[in-house]
Structures are given as structure tokens and as C-alpha cells.
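What follows is a single structure, written as C-alpha cells, with notes after it.
Only the coordinates and a few stated rules stand behind these numbers; no lab work does. From a predicted model like this one, the values you see are computed outputs, not experimental measurements. FYI the Cβ positions are ideal-geometry reconstructions off the backbone, even for glycines, and counts take in every protein chain you see.
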Amino acid sequence: MNRASKHFRRTALLSTALVSGLLAVSGVQAVAAPVYQLTLRMIDRNGAVATANSRATFDVISLSGGGRESDVPAGSTLRLPADRYALVGSLITPRPGLDPSMAAMAHPELNLTRNTTVTLDTRQAAKVTANVDQPEVTGGSSAVEMGVRLGADQTQSMVFPFDQRFQEMFAGTLPGTSSAAFYFGASHRLEQPRLELFGEQPKRFPVLTATIGAPLPVGSRTPALAFGGAGRPQDLAGVEVRDRLVVLELPWDTTPETLAERVTTVRDHGGAMVAAWLSTTGAARQGTELAGQPGSRIAAAAAAAELSSKLTGSKAAGALALPTVQIAGANAERFAALARTGDGTAAMIARPEIRDAYELSFPATGRVPAQLEHSVRKSELAAVTMAFHGYSAESPSQVHAIHRVAGVRLGMSRLGYGTPGLVQAERQEYYTPGTWAFLNILVSQTPSVGGDLRGEELFAAGKSYRLAWNGAVTGPGFRGKRAYPADSPWAARTAQEINISIPLFSDGAGHTATADLDAPGDRGTTALYREGKLFGSQATPGRAVFVAPTEEAGYRLTTEAERDEPWAPLSTKVSAEWTFRSGHVQGPTRALPLLEVRYTPAVDLANTAPGGGTFTVPVTVSRQDGPAAITGLQVEASYDGGVNWQPAKVSGQDGRYNAELSHPATGSVSLRAKAADADGNTTTQSIIHAYRLR
């Protein structure tokens, strides 16, 4: 939520007992740190001093311990122990007839050694904007992030979302201040708007809008307007609404069921469409409301609209009797006033799924840069073709992209805003050069995270890339590291443990995915044998922890996963076993020498390959812990779900091979492989229904 838009009711006085307790060191009680007064002031864009009643707040973060006091109203005086603090203030400045401007400013590092007053003057902040050399790309979402690094992979930050089409955003640091711990990011996800709405009189003006329920039919239309009040029968009596776009003024806490009821009433009176204006009479909500369909690319200002997700994510909204949008912001009131005249018109443009999108990130450390307006050319970015294999309209995907730079994570996805994936289609995207971490989430009616795919890519300016998601063949893969514990190997040895979390459902491109241990659709077992004897087993597919003796020994690890999900017609059964040697590990966790076999057949976006002839499948063999001398590979294929197997002709060397198969005309292909390396490590893996034939 945009912190500058909150209504704060709590007092700002910190309890000295909470922040300056006594420390016991070697049995001797230390003297409490001295306490000082810190007064926090802000000046808005008009030069007015923000008071406790203003929408202006501070976050105060201890740089030594990470303690944080959030949402302190400007004008407050805190009592704090002597320490180093980062201060981030934010406020909203009203603009008559326009959406308010927002500003965020920081004092990156204050060494509090006496009573101090800090004043952040937002007139000293710089405007934050971004545009690209594609004129039709005018929509999207933006955010400013300010934070501090407190240690390895530990940060505290504030994120301020905005829509640069309607809101002004400013950011800056107190002149003359900086800190090595401070970081800043301006993030922009830009695209041609999928939906645009304009009022047409007396001069065209845009309205912040988003679809509720099903997407509007593609095309342009210029409907006549009508004002339908709250949409009750008595509100519509005597109002000409037939074949018109009817604007309804509803309370901000309208339920999805009430909205559905009012839309039905408009339909019964002959209306063609509905624009729901959820009026926010409280100043605390002004400028922060906007509906957005979960998973859609909406303006970042939508994050604060609690009602939006309720409306668009509900069954009631999905069953709306008419095409419906939600309008918001200052121009929504202007649009409603136009509808009240009875002779106003609107212009609406609904476009198909956008195929060009931009993910821009402008990071900085130490302080906020003085220049925050960016004009970017395609040639300065990485061009990425996103290919979405095998997804369906019932179970699409949603892509989240995080820019990893200087030990922090930036990007619009930090706010939970993903971009909708396509259904068996491709699109072009452009990225700021650097390292990007991706999470491609399966949006399914089944409560499972088993279809989520993760990956990380390094992009260079002016280069072209292709990222294929969910492409066959799905099976065991060890690319990258585990997120928890941070940056740990998927299969690891510590001093006394063998810790296994194998991504059994990684796609053909190597994006990793583990079985969902909480979903009934994923089931299986994992077992470990030591010197030929069963050492332990767990009823979880690909996941187990074993306490192992320190002495080196030979091990055999086996795992099996069966997947019964409507969104997963392929790789319905994955099984694998590995042999390796392992013993006590000194120091950091060490990756086990497990072999990976990956198939990358030339399948289409439906994950099908030509039937009725010879077909070559590229196969790579690698090892989780690094380079290895691969000494052999055998591949077999089955065309009856693993009942009978036929050997394939294999050619190649050094971990890169081709397997030649003889496809029948139709059906599916299952694959089985055996591989070994010069160190004696082996693997046997089988994948049932690896891809289909057409």
C-alpha cells in the first residue's frame, strides 16, 4: 500500500523501554544508551508544512539493529536511543481537478547524538518518469522503492506505487546526505494500455479504468452516457439508459454481490455497459482506489484498493450481467459529472493481449539520483521472446520478474504484480540489462503450487534471448539454487545431514519446479540406501532430510512422483535414482554429485512433436556440483505409457547427445535414460508421457 495514502490514528511516541533496554554482558549490566528527541517534519510540493493531520508519514529504521517504527505522522517527536537511523518520509499533495502528486524523500543515515529536527522538503525532489521509443506504449505501472541493507540478504524498504499517466511521483534525498547502506530503485512496467476510457466533452480526457469480471470485447466504441445513481430501481426510474454506458456511484465498501445485483438492474432497464465509480469520500482514500483483475497488468496505484480484489476475484463479479469496468481517480468524478448531463459520450478502446512489454529498472545506491526522468531506446535493452508452452485458458500462468542488483531485489513484481502469461503463444518483452529472477506462477482452480517455475537470467544490452516456459520435457533438473535456505544446493551434504529438495518437474529449458507436498495431486516417496541397505525413507516426492554418519560411504538415492492434476497432462510420473559417494563436510554446505539428464525436443507450443517418422531429441547430461566427464548415456522410448521400451540410437559426446526415435503416428512418448560419469556417479531416470504426437 502507498504509505502516503494511509490514514494514521496511532501516536508516534516510542516507548523508551522498547528501544533502550539494558544489556547484560558477562553478568555485568551495561548502562542504557542516552535517549534524544527526534522531530520529523515534511514540506509538501506547495511549500506547506505537513501536520499530524496530513497524509504525510515517516518510517524510521535502526541501521544497527534493524528495528523499525512505521507510519509515524509528520510533525511528531520521537524519543530514541543514540544510534544510526535511516528516515524515509512520504506524502500526498492535492492538485485541484487532478489526481494528487506523491513524493518520497529519505535521510539515508542520521547519527542521532543530540536532540534533532529533520525537515524533508519535497520541493527538492525530482520527478520520476520513464518512456520508450514506441509511442503507443503509454500505460503500465511504476513504483519507487527506498530501503537499507542491514546484512547479507537482509533489507528493510518502503515501496510507493503510482501510475505516471495520472499521478506525479517525486523522489529525493535530503541534500548533503548519503549512506553506503541505502538503496533506491525506480521501476516501470510499460505497455500499450489494454483498456482505455475517455470522456469526450468538452475536451477529451482520460479516465483511470480497469475491467471487472470478463474482459471487454476487443474494439473501439463510443457509447452515450447515463448516470444511474446507485443502480437501484428507484435510481434508474425516469433515466434514459437504453444502450448506454451507465455510470454508477457506489460506496467504497460495496460487496461483489451488491455490485452484481446493481449491474443486473441496469441490464433489466436496457443499459449496455456499467462503469462503477466507488466514491471515496474520506480524504485518506483519495487517489488510491482502482480496480484490477488479479493477474492483469494494472496501474500500480491499484495496490491500495482492497475492494478491487474482492470485486474482480469473486464469483459474483465473474457472473456480471453486463460488461463492467471500475473507474477511479480525479477524472472519475469528472466522468460521472459528464454522465449526469444526460447527453455526454465516451470513447472506449479494448485491445487484445498485449505482445510488447517493457520491464525497466533504474537502481542506485548511497542516495537518490538527481535525474529520474528516463527516455529509453529498444537498442539499450535486452529483447526477450517469451514463449508459453502447454498452458490452457482454464490454467494460464502469471510471470513475476525481479531485478537483482547490488544485493537487493527491485521491480514491479515486488508488489505482487505479475504479468499474465499467454496460452500457447509468444510475445516480445524488453528488459533493463542485468540479472533478473523469474517466477512463473500457474493460475489454476486447483489449490496447488506444483506448476510454478523459477529461473534466473543475465541479460545484456542489445542482445536477443528466448525464454520458453513449461516446454517439454518436464523432469528432474538442478539449475540454480534453492530459495530456502538461501542459495543452498537442491541436493546437499552438511556435516551430518543429507538434505534433499529435488525439482522433479523442471521444464525443458531448466526452469525449476518441485512437487507440491501439500497438494493431493502430487504424491510419491524418497528413499536413501547406504552401502546397499535402506537407510531411511519419507513419503514425499523429491523431498527428504537424512541424518547421515560422518564416514564416507556409497549411497543410492531414489525418488518417485506421480502427478494427477487437470493442468498437467504430461510428465504424469517421474522416477529417478542416483548413486554417489558422500561423507562428512567441513565448512559450507556442499552440493551432491547428482547427474541431470535433460531433453529438449523441438515441440510446438502445445508440447507436441510430429508423429509417423524419425525424430531426433537433443539430450544433455550434467552434474549438480559442477563440470563432470560423462562416460555414457543410454536412452529408451516407450509409446504405450512405459509398458514396453525400445532403445534409441544415441550419438554425441562430452555431455551433449542426440537420441534418434521412431515415432508412431499418434499418442505420446515416454523416455528413460541411464547415464554415468568418470567418478562413478550414475543415474537412471524415467518420464511417463514426456510429450505428445500430432
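Take every DSSP beta bridge whose two residues both sit in the stretch 147-258; close to 75 percent of them are antiparallel.
Summary of the geometry: the stretch 404-453 and the stretch 566-604, compared by the centres of their Cα atoms, lie 23 Å apart. Approximating the spin labels as points 7 Å out from Cα along Cα→Cβ, the THR666-to-GLU531 distance works out to 5.6 nm.
Here the residues SER141, SER279, ranked from fewest to most Cβ neighbours within 10 Å of their Cβ, fall in the order SER279, SER141.
Working note: Cα atoms of the stretch 430-510, range along each principal axis, descending, whole Å: 47, 34, 21. Of the beta bridges in the chain, as assigned by DSSP with both residues counted there, near 80 percent are antiparallel.
Report Rg/Rh for the chain, rounded to two decimals, where Rg is the Cα radius of gyration and Rh the Kirkwood radius.
Here Rg/Rh amounts to 1.03.
Relative contact order of the chain, taken over Cα pairs closer than 8 Å and 6 or more residues apart, is 9 percent. In this Cβ point-charge picture (+1 for Lys and Arg, -1 for Asp and Glu), the stretch 550-694 has a dipole of about 260 debye about its Cα centre. Contact order for the stretch 530-607, expressed relative to its length and based on alpha carbon pairs under 8 Å spaced 6+ residues apart, stands at 26 percent. Sorting HIS584, HIS374, HIS107 from the fewest to the most surrounding beta carbons within 10 angstrom yields HIS584, HIS374, HIS107.
In this structure, the residue pairs whose Cα-Cα separation is over 30 Å, taken from LYS481/LYS573; LYS481/LYS674; LYS533/LYS649; LYS463/LYS674; LYS127/LYS203; LYS533/LYS674, are LYS533/LYS649; LYS463/LYS674. A simple charge model with +1 on the Cβ of Lys and Arg, -1 on the Cβ of Asp and Glu and nothing else charged puts the dipole of the chain at about 980 debye relative to its Cα centre. With the helix formula -39500 (n - 2.57) applied to DSSP H stretches of n ≥ 4, the chain reaches a computed 222 nm mean residue ellipticity of -1500 deg cm²/dmol. A protection proxy built from the mean count of other Cβ atoms within 10 Å ranks the segments 420-428, 68-76, most packed first, as 68-76, 420-428. Among GLU456, GLU168, the order by Cβ neighbours within 10 angstrom, fewest to most, reads GLU456, GLU168. Potential lengthening of the chain between ALA495 and GLN646 amounts to 50.1 nm, from the contour at 0.36 nm per residue minus the alpha-carbon distance. Across the options ALA527, ASN681, SER571, the greatest Cα extent toward the positive end of the charge dipole of the stretch 491-693 (unit charges at beta carbon of Lys, Arg, Asp, Glu) belongs to ASN681.
For Cα pairs less than 8 Å apart in space and 6+ apart in sequence, what is the mean separation divided by the residue count of the stretch 82-178, i.e. the relative contact order in percent?
It comes to 34 percent, rounded to a whole number.
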